[in-house]
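A short write-up of the structure that comes next.
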Amino acid sequence: MSIRNDPDLNLQFAQRFKEERSRLGLSQRELSRLTSIDRLLIGRYELGKTLPGTEVLIKLNTSGVDVAFLITGERSVLDREPDLFNRSYLEVKRQVAESGESLTSKEHSVRAWTLFNALNSAESELTTLQRLPSPSKSQATPSYRHRIPELRYEA
């Protein structure tokens, strides 16, 4: 039996999908509009009838959905980095005020999650690079220990 046809896995994913959509405060229709994923397909995911492919997971991720949670059932990143999400939320709030844009609270949350995911990925990559052994003086390699530039959310 393939993973895509495992009823237990599908039901676990379905439960997490509903939970994540609820966390974002979105209806199926709103999530469909936000991600350009057919609402009926979202319903099939939530019923455990099928699992999404890579393209759908990418669309969900770029829309603020915690795809790691959908797959693993763990929100460990947010548990470890609550301040990073708060900073992301406040940064989106600052940028929206600066631009004069008008966002609903749902749109604001989605942008904050998107920025959080980007910052978390950048910090993880920087941590990995900092763990690499330092090159010897005889090696002419550039240093990877540089500051992360200011990240801005751009739609």
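Going through the stretch 53-65 one residue at a time, which ones are free of Cβ contacts under 8 Å to residues at least 12 places away in the same chain and either assigned to a loop (DSSP other than H, G, I, E, B) or surrounded by 15 or more Cβ atoms within 10 Å (Cβ to Cβ) (or both)? Steps first, please.
Going residue by residue through the stretch 53-65, those that are free of Cβ contacts under 8 Å to residues at least 12 places away in the same chain are 53-55, 58.
Once the filter is applied, which keeps residues that are free of Cβ contacts under 8 Å to residues at least 12 places away in the same chain and either assigned to a loop (DSSP other than H, G, I, E, B) or surrounded by 15 or more Cβ atoms within 10 Å (Cβ to Cβ) (or both), the stretch 53-65 yields only G53.
So which residues in the stretch 32-52 are exposed (fewer than 14 other Cβ atoms within 10 Å of the Cβ), within 11 Å of F17 (Cβ to Cβ) and among the small types (G, A, S)?
G43
Show me the helices (runs of 4 or more DSSP H) entirely contained within the stretch 75-155 in which 2 or more residues are over 15 Å from the mean Cα position of the chain (by Cα) and at pLDDT 70 or above.
Details: elements: 76-80, 82-99, 105-131.
Filter on the stretch 75-155 gives 82-99, 105-131.
The values are calculated or read from the model by the stated rules, or taken from the named source; none is laboratory data. Given the structure is predicted, the values throughout are model-derived calculations rather than measurements. Here the Cβ is made from the backbone with ideal geometry for all residues, glycine too, and neighbour counts use every protein chain on show.
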